[in-house]
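Read-outs: derived from the displayed coordinates by stated rules, not from any lab. All of these numbers come straight from a predicted model, not from anything done at the bench. Cβ placement follows ideal geometry from the backbone for every residue including glycine, while neighbour counts extend to all protein chains displayed.
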Amino acid sequence: MRRTIRIPRLLKINWIKELSISVVFNNGESRIIDFRKLFNDIGINETSPAYPLFDPRELAKVELVGSTLSWSNVEQWITLKNREKQMVPFEIGADILLKYSQPEKTELMMSIGKIVREARIKAGMSQQELALVSGTSRTYISRIENDRSDIEIATLSKIIETGLGKKLEIRVK
């Protein structure tokens with residue numbers, strides 16, 4: 001049987017602060033990459049062409065090219081088949097970036113957990129009771145309330161409307 005290989009893709013750079021960059025992957029998740037850790041782990045040192053990227057001003061010159069973070073400000077040379085040298089940008093692919101990233105907890109995600117917890121307590125329900133009524137598990141309810149899990153709109157609706165008997169409203173401002 002053939003195994004499907006899922007390759008992550010980068011869709012957007014959210015922000016750049018010091019040696020960290022927040023990106024959005026094609027699964028909709030925002031993640032933060034700590035480049036100090038990444039560069040140290042992959043062995044970038046004073047002799048590496050990418051060493052200037054330890055400077056936040058140089059790291060901030062990043063561009064999203066395809067699904068890759070690319071720095072044309074880094075002089076990296078390759079030798080072609082005809083033995084000519086050609087400068088190419090320093091790039092890091094989405095697969096490595098995913099491996100070295102952490103989920104970004106947005107204010108929205110943290111407030112959803114807080115809203116679910118407060119509504120559950122106000123309804124006088126335990127996590128187990130809410131899970132049973134809404135068709136999820138107690139551990140999933142706990143992960144949502146403690147901001148340790150993303151939640152799909154359909155699941156949130158099921159927890160709020162079926163489990164808590166409330167109406168879910170979502171607004172874009």
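Side notes on the structure shown:
- Projecting label points 7 angstrom from Cα along Cα→Cβ for residue 79 and residue 128 puts them 6.8 nm apart.
- Using only side-chain charges placed at the Cβ, +1 for Lys and Arg and -1 for Asp and Glu, the dipole size of the chain relative to its Cα centre rounds to 600 debye.
- Modelled label positions at residue 26 and residue 173, each set 7 Å beyond Cα in the direction of Cβ, lie 3.3 nm from each other.
- DSSP loop GluC sites (Glu not before Pro) with at most 13 other Cβ within 10 Å: longest gap in the chain: 85-151
- Between 50, 73, 20, the Cα set farthest toward the positive side of the dipole of the chain (charges on each charged residue's Cβ, about the Cα centre) is that of 20.
- Helix-only CD estimate at 222 nm, as mean residue ellipticity for the chain, using -39500 (n - 2.57) per DSSP H run (n ≥ 4): -8000 deg cm²/dmol
- The chain: DSSP helices with Cα axial extent of at least 15 Å and average Kyte-Doolittle hydropathy no lower than 0.0: 107-122
- Out of every Cα-Cα pair that the chain contains, those further apart than 24 angstrom amount to 53 percent.
- The charge dipole of the stretch 71-157, taken about its Cα centre with unit charges on the Cβ of Lys, Arg, Asp and Glu (plus for the first two, minus for the last two), comes to roughly 200 debye.
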